[in-house]
């Protein structure tokens, strides 16, 4: 189960960060993303009624994509997320206690880091992936990978359609894409066709440049 989830996170390697002011259209967002080739869905805990969204998305889209929880900041939140059906855990901060909870549930986990010291500490804590956040320059990842090539890095916050190939070239195992994919404009206009098209563009680039 753990390996299957990891495979979906890394193939094609594009993880949308779903953040919205309302839970009303979360399932429509997930559906549009999957139609574009996405295989992993990160629903952040900042979404109202996030746990219910995670439960329903996991139930409805299980055969097509894995559903995870983002913006997880405590061990208890991690427990609640997994109980709700989250299949992977993402934190924006370096909290080692989250790892032990996720590991007990055979749930892949990404811990947040910004500096090389934090990234190495997250690795030593047992995190499957290091979420480098916030980062907008692929050169920063390349520099970090120089002395720390063992880190499995997933950059977040600055990934765009213009630079996604550069992040893969820098050695990232996947990318997490937030508002440059699930934008406020798309959410406001409920333009699911545009979301599917944009997701497909990211997936196409990932399949071309992602070095597995």
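Okay, here's what the table says:
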{"item": "When the range 2-209 is reduced to its Cα atoms, the Kirkwood hydrodynamic radius in Å", "result": "16.6 Å"}
{"item": "Computed lengthening from residue 197 to residue 152, 0.36 nm per intervening residue step minus Cα-Cα distance", "result": "13.4 nm"}
{"item": "The chain: antiparallel DSSP beta bridges as a percent of all, rounded to 5", "result": "0 percent"}
{"item": "Full-stretch length increase - residue 28, residue 142 - with 0.36 nm per residue and alpha-carbon distance subtracted", "result": "37.5 nm"}
{"item": "Most fluctuating residue given options 143, 169, 113, as computed from a GNM of the chain linking Cα atoms under 10 Å", "result": "143"}
{"item": "Relative contact order (percent, whole number), the range 1-79, Cα cutoff 8 Å, 6+ residue spacing", "result": "31 percent"}
{"item": "Rel. contact order, % - alpha carbon contacts under 8 angstrom, at least six apart, the chain", "result": "22 percent"}
{"item": "Pairwise centroid distance, computed over Cα atoms, of the range 10-59 with the range 150-212, Å", "result": "14 Å"}
{"item": "Rounded if a/c under 1.5, otherwise prolate or oblate - the range 22-77, Cα gyration tensor axes", "result": "prolate"}
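A short reminder: the numbers here are calculations on the coordinates, not readings from a lab. What you are looking at is a predicted structure, and each value in this text was computed from that prediction instead of being measured.
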